[in-house]
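J.: This structure is in structure tokens; I'll ask about it shortly.
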Amino acid sequence: MNHRIAYAIVALSFAVSTAAVAQTNPVIDIFPKGTTLHGNVAYNNDTLKKHLLDIYLPPNATGKVPLVIFVHGGGWLGNDKYADIGYMKKTVAEIVSSGFALASIDYRFATQAIFPAQILDCNRAVSFLYDNAEKYGLDKERFALMGFSAGGHLASLQGLSKNNDVKDFFMAGSSKAFQFKAVVDFYGPAELILFPGASDPKSPESLLIGATPLSRPDLAKAASPVTYVDKNDPPFLLIHGENDPLVDSKQSQLLSSWLTVAGVQNELIIVKDAPHFGPMFDVDEIRTKVMSFLKERLN
């Protein structure tokens, strides 16, 4: 299957059309009864639809609660802040029922703006959550990232580059005071040059950076999470399907190896027979690992 077409299928498979539901939230029923929703919050003080986020607060929350920031996948070309929630139902529900808040963010597609627009948006969203932590009852000292596919790439990039103070990754006036306690990366790309489409101008990774990775290795390097690994990075939990046809498991293996070399705590889980995404990642065994990791780092 053509690399570009395969990603398009991913983007469409779990996309949730919001045109007919306007101000409603199509995934709220997945969350525990009593969850408080702050929906479609503008995080950049503008009217861009891709600059919105949703905050889900646990029922009967008292005091400041830790936050898991959820970054959706879709090949940097599709999907929205509801998408991966749809097949990670039990994990999402357990995160919130365990007393954690969850914020799911949107960001601009590569067809709207090339990299670093996506990481600019992700960091701006987290800056907003940090600056407004008191308003929403969040503990600004206990933030974690969780991303899926392209969102795994962005979550990893965000978590790894934060302590490098990459000026091109922050919008003017954004707070940089936040830190991350943990990163959960589901099958995210780690090194763009490893993609089989690295010489294809129509591949998602080429569209992301505005050039093929092989023709502009400098841009590919700047957009690759492995570039920013150092000993001061937060702990990682990496989860990847054994039979992933879109993002080879070598991507997560490489990131895990770099983290290990740098002395950063990490665990890599290769899910037997699993594809690129889907309910196979929401099973009890993986969910238990994810929750144990988050509780250890955020409690």
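J.: Using helices alone, I'd like the mean residue ellipticity at 222 nm for the chain: each DSSP H run of four-plus residues gives -39500 (n - 2.57), total over residue count, nearest 500.
T.: Details: 9 runs with 91 residues, N = 299.
Value at 222 nm, helices only: -9000 deg cm²/dmol.
J.: Follow-up question, since we're still on this one. Using r as the Cβ-Cβ distance of R216 and N299, and R0 as 45 Å, what FRET efficiency do you calculate, to the nearest 0.05? Can you show the working numbers first?
T.: Numbers: r = 43 Å, r/R0 = 0.95.
The computed FRET efficiency comes out at 0.55.
J.: Where in the chain lies the longest segment free of trypsin sites (Lys or Arg not before Pro) that are both loop residues by DSSP (not H, G, I, E, B) and have at most 15 other Cβ atoms within 10 Å?
T.: So the longest stretch without any such site is 50-175.
J.: Sticking with this structure for a sec: Quick check: Cα centre of the stretch 169-210 to Cα centre of the stretch 103-154, how many Å?
T.: Taking the Cα centre of the stretch 103-154 as reference, the centre of the stretch 169-210 is 12 Å away.
J.: Using a probe of 1.4 angstrom, how much of the accessible area of the chain is carbon and sulfur, in percent?
T.: On the way: 6390 of 12190 Å².
The nonpolar share, carbon plus sulfur, comes to 52 percent.
J.: Keeping every protein chain in place, order W258, W76 by accessible area at 1.4 Å, biggest value first, i.e. largest first. Numbers along the way, then the final one.
T.: Values: W258 125, W76 0 Å².
Sorted by accessible area, descending: W258, W76.
J.: Provide the per residue accessible area, probe 1.4 Å, for the chain, rounded to a whole number of square angstrom.
T.: Details: 12190 Å² over 299 residues.
Ligands and nucleic acids excluded, the figure is 41 Å² per residue.
J.: Another question, then. Please name whichever of Q251, G152, F128 sits farthest to the positive end of the charge dipole of the chain, dipole taken about the Cα centre and charges placed at Cβ: Lys and Arg +1, Asp and Glu -1.
T.: It is F128.
The values are calculated or read from the model by the stated rules, or taken from the named source; none is laboratory data. Here the structure is a predicted model, which means the values were calculated and not measured. Don't worry about glycine lacking a Cβ; one is built from the backbone with ideal geometry, like all the others, and counts go over all protein chains shown. The area values use the complete protein model at the heavy-atom level, side chains included, leaving out ligands, DNA and RNA. Shrake-Rupley method; radii C 1.70, N 1.55, O 1.52, S 1.80 Å.
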